[in-house]
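The block underneath contains the structure these notes are about, expressed in C-alpha cells.
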Amino acid sequence: MHSPRILASSWGKLHVEGLGVVKDLKAWPGGAREWDWSDTGTSHSPGIQFADVEELLDHGATVVVLSQGMEERLEVPDETVEALESRGVEVHVAPTPEAIALYNDLTGTAPVGGLFHSTC
C-alpha cells in the first residue's frame, strides 16, 4: 500500500490524492484524513504530541514526516521525536513545503506517514 500523495498545497489548503482538499492532514500507508487538532488537544505550542502520531503507526508507517507549518510556528517537541525513534521510526521534521516534498518522494519507497499543517 502506498501513502496518498499531496498533489498541491497553498495557504490553508492541501489537495490530497483520493481525499480531496483539507486544511491539515494525517496520512499513512493506504489512507489519509483531515487532521483535527481537537482530537488530542494539539496547539502550536507545545505542538505535535506522540498522541498525534499514534494513528500513523497503527496504520503501518515506519517513516514519519512532521510539518512545522508554512511559517514554522507548529512546534515539534524533542520528546515526540524521541518517542518515535525509540520505536524504530525514522523521523523527519521540516517546514510544510519541504515536508510535503520529502513525504511525496518517500511515498514510492517506504511506508511513510505524515502530519501536515497548511497555515502558520
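Each reported figure results from applying straightforward, stated rules to the coordinates on display, with no laboratory input. Model, not experiment: these values are computed from the prediction. So basically every Cβ, Gly included, is an ideal-geometry build from the backbone, and we count neighbours across all protein chains shown.
Overview of results
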read-out: Candidate set from the stretch 1-48 (those that are assigned to a loop (DSSP other than H, G, I, E, B) and of a type in the set (D, E, K, R)); member that is farthest from V76 (Cα to Cα); value: E17
read-out: Within the stretch 67-111, considering residues that are of a type in the set (S, T, Y) and under 12 Å from the mean Cα position of the chain (by Cα), the one surrounded by the fewest Cβ atoms within 10 Å (Cβ to Cβ); value: T96
read-out: Single condition V64 does not satisfy, out of (1) over 11 Å from the mean Cα position of the chain (by Cα); (2) of a type in the set (A, V, I, L, M); (3) closer than 20 Å to V81 by Cβ; (4) in a strand (DSSP E or B); value: (1)
read-out: Positions within the stretch 49-61 being of a type in the set (A, V, I, L, M, F, W, C) and either closer than 17 Å to E79 by Cα or part of a helix (DSSP H, G or I) (or both), in sequence order; value: F50, A51, V53, L56, L57
read-out: The stretch 94-120, residues that are out of contact with any helix residue (DSSP H, G or I) (no Cβ under 7 Å at 6 or more places or on another chain) and more than 17 Å from H59 (Cα to Cα); value: P95, T96, P97, E98, A99, I100, A101, L102, N104, D105, T119, C120
